[in-house]
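*Asks:* Handing you a structure now.
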Amino acid sequence: MTERPGRHLLDIEALEDDTIRHLLNRAGALAAGADTNPIDMTVANLFFEPSTRTRVSFELAALRLGMRVINIELDRSSSTKGESLADTATTLSAMGVNCIVLRHPETGRCHALAAEAGNSLSLLNAGDGSGHHPSQALLDAATIEAQGLAWPDLDLSIVGDIRHSRVARSGLALFRRLGVGRLRIAGPAELLPEGLDLSGIEVCETLDQAIRGANVVMMLRIQRERMDQAGWPDSTRYHREWGLGDRALALAAPDCRVMHPGPINRGVEIAGSIADGSRSLILEQVRMGVYMRMAILEWLAEAQPVP
Ligand code: CP
């Protein structure tokens, strides 16, 4: 056996430009019906936080590539008996698991595990606290490209709870690298980011400022699970000031597309009629998620140990 180091997907920042372009092109090709070859690999989904889209789409992606998939039920796993995450990972690796898809509430946990577990298997960051969600950023970029939109022509606004959003953090890093024409963020002052590199990003004080003329608007959920209950914004007031409804959307470019990584809270950050409307790409994002995760798993498989 020739050992090659396990390849990880921890964040956007660590990806080479060529890899980003490869993943976007490959996801687009898969969405258009490109062929795949079966891959001999075992993937374990290890989710310490709830998920519908990310967990199911990684499972579907792996199955479509002929991989074996194990969904670890955490409440019935030995993590309830105090086993460390690193010991869980090396135990799974010893049983032949090649790749762990990890979601964890602690920011930085996936990076820490990559350092602890070494290169015995591949780690895929499926969201760590307020840190990173690289596969979501990649699927969002692939969804935008599938609309035929060129990055320099894009006027993209991200609105909502930027501070706690790993989707925003990874998206901002990716969209800048892809050469987005204009990038705005907006949200209540207490939900704007701290300690984030905002070079090339306009920070707007109101929803109207953020949306005027935009041709893509990405709305974000309030991440209540990452705040003290005392700091939760009032939903009705939030919707009035920051929720995307018909009045605000009328300020955007006439062909403006609306995105949201999900799950959505109808009537809070977005009106249900807009989420379901003709400008919404929300279900396109979900569909592209399977293809992007297939592209990612294929890319990880290239670095698996070879006989
Ligand atoms: N967008 C996203 O990560 O959704 P899930 O929490 O359902 O995986």
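*Asks:* Check M218, M227, M294, M288 and return the single one that is touching a strand residue (DSSP E or B) at 6+ places or on another chain (Cβ under 6 Å) and under 24 Å from S170 (Cβ atoms).
*Replies:* Going through M218, M227, M294, M288 in turn, the sole match is M218.
*Asks:* Among the residues of the range 177-215, count how many are in a strand (DSSP E or B) and without any contact (Cβ under 8 Å) to a residue 24 or more places away in the chain.
*Replies:* Qualifying residue count, the range 177-215: 2.
*Asks:* While we're on this one: Please specify each residue of the range 207-218 satisfying the condition of being closer than 21 Å to G267 by Cβ and within 25 Å of the chain's Cα centre (by Cα).
*Replies:* L207, A210, I211, V217, M218
*Asks:* Now for a separate question. Taking the conditions exactly as written (in contact with a His (Cβ under 9 Å, 6 or more places away or on another chain), of a type outside the set (A, V, I, L, M, F, W, C), outside the structural domain of G243 (by TED's automatic domain parsing) and under 30 Å from S235 (Cα atoms)), does T107 satisfy them or not?
*Replies:* Criteria met by T107.
*Asks:* Among the helices (runs of 4 or more DSSP H) confined wholly to the range 84-176, which include 1 or more residues that are within 16 Å of the ligand (Cβ to nearest atom), among the acidic types (D, E) and surrounded by 21 or more Cβ atoms within 10 Å (Cβ to Cβ)?
*Replies:* Here the list reads 134-146.
*Asks:* Would you check if A253 is in contact (Cβ under 8 Å) with a residue 60 or more places away in the chain, farther than 23 Å from N25 by Cα, outside the structural domain of H22 (by TED's automatic domain parsing) and more than 16 Å from the ligand (Cβ to nearest atom)?
*Replies:* Spelling it out, A253 is indeed in contact (Cβ under 8 Å) with a residue 60 or more places away in the chain, farther than 23 Å from N25 by Cα, outside the structural domain of H22 (by TED's automatic domain parsing) and more than 16 Å from the ligand (Cβ to nearest atom).
*Asks:* Scan the range 12-19 and give yes if some residue there is closer than 23 Å to H111 by Cβ and within 16 Å of the ligand (Cβ to nearest atom), otherwise no.
*Replies:* Yes; the residues of the range 12-19 include at least one that is closer than 23 Å to H111 by Cβ and within 16 Å of the ligand (Cβ to nearest atom).
*Asks:* Going through the range 7-34 one residue at a time, which ones are open to solvent by less than 70 Å² (accessible area, probe 1.4 Å) and part of a helix (DSSP H, G or I)?
*Replies:* Scanning the range 7-34 gives T19, I20, L23, L24, R26, A27, G28, A29, L30, A31.
*Asks:* A further question follows. Give the range 35-54 a look and list any residue that's more than 11 Å from the ligand (Cβ to nearest atom), assigned to a loop (DSSP other than H, G, I, E, B) and over 11 Å from L102 (Cα atoms), or say none.
*Replies:* D35, T36, N37, P38, I39, D40, M41
*Asks:* Are any of the residues in the range 78-93 touching a residue at least 40 places away in the same chain (Cβ under 8 Å), under 25 Å from I12 (Cα atoms) and of a type in the set (V, I, T)?
*Replies:* no
*Asks:* Any residue at all in the range 219-239 that is over 19 Å from the mean Cα position of the chain (by Cα) and aliphatic (A, V, I, L, M)?
*Replies:* yes
*Asks:* Quick one: how many residues across the range 212-231 are more than 21 Å from A141 (Cα to Cα) and surrounded by fewer than 22 Cβ atoms within 10 Å (Cβ to Cβ)?
*Replies:* Total meeting the criteria: 10.
*Asks:* Which residues, taken from the range 35-61, are touching a residue at least 60 places away in the same chain (Cβ under 8 Å), over 18 Å from the mean Cα position of the chain (by Cα) and open to solvent by 10 Å² or more (accessible area, probe 1.4 Å)?
*Replies:* T36, I39
*Asks:* Tell me, please, whether a residue that is within 16 Å of the ligand (Cβ to nearest atom), farther than 21 Å from L172 by Cβ, without any contact (Cβ under 8 Å) to a residue 24 or more places away in the chain and open to solvent by 70 Å² or more (accessible area, probe 1.4 Å) can be found in the range 232-244.
*Replies:* No, that holds for no residue.
The values are calculated or read from the model by the stated rules, or taken from the named source; none is laboratory data. Source: prediction; values computed, not measured. Counting neighbours? That spans all protein chains shown, and the Cβs are built from the backbone with ideal geometry, glycine included. Just so you know, the surface numbers come from the protein's heavy atoms only, side chains and all, with ligands and any DNA or RNA stripped out. Shrake-Rupley method; radii C 1.70, N 1.55, O 1.52, S 1.80 Å.
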